[in-house]
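Accompanying notes for the structure given below.
The values are calculated or read from the model by the stated rules, or taken from the named source; none is laboratory data. None of the values given here were measured: they were computed from a predicted structure. No Cβ is skipped: glycine too gets one built from the backbone with ideal geometry, and neighbour counts run over all protein chains shown.
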């Protein structure tokens, strides 16, 4: 597993065995601002998720009115797009469940 976080470019990648996870600038910035325990939980969940994004235990739901999906991690939500043919997950937004959908 390879985790790269470049604060200057606000780019974050997590590469696992199957899917590559890319974070948008907004998502990477949100991830850096989170408390350490929340950040670690989210990174761990994303790593597990990237191995098999279609496993039922991930509690993923398709977003209404968009092509994106939502992944729950406690009170935090990860909004992402999934590109099956490219084996790519793009994390668009990370935030508290009360604010992330606004």
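Couple of notes before you dig in:
- The residues listed here are 99, 48, 61; of these, the one that is within 13 Å of residue 30 (Cβ to Cβ) and without any contact (Cβ under 8 Å) to a residue 12 or more places away in the chain is 99.
- The stretch 33-87 holds strands (runs of 3 or more DSSP E) entirely within its bounds, and those carrying 3 or more residues that are within 15 Å of residue 97 (Cβ to Cβ) map to 69-73, 76-83.
- Yes/no for residue 27 being out of contact with any helix residue (DSSP H, G or I) (no Cβ under 8 Å at 6 or more places or on another chain), assigned to a helix (DSSP H, G or I) and either under 17 Å from residue 96 (Cα atoms) or at pLDDT 90 or above (or both): yes
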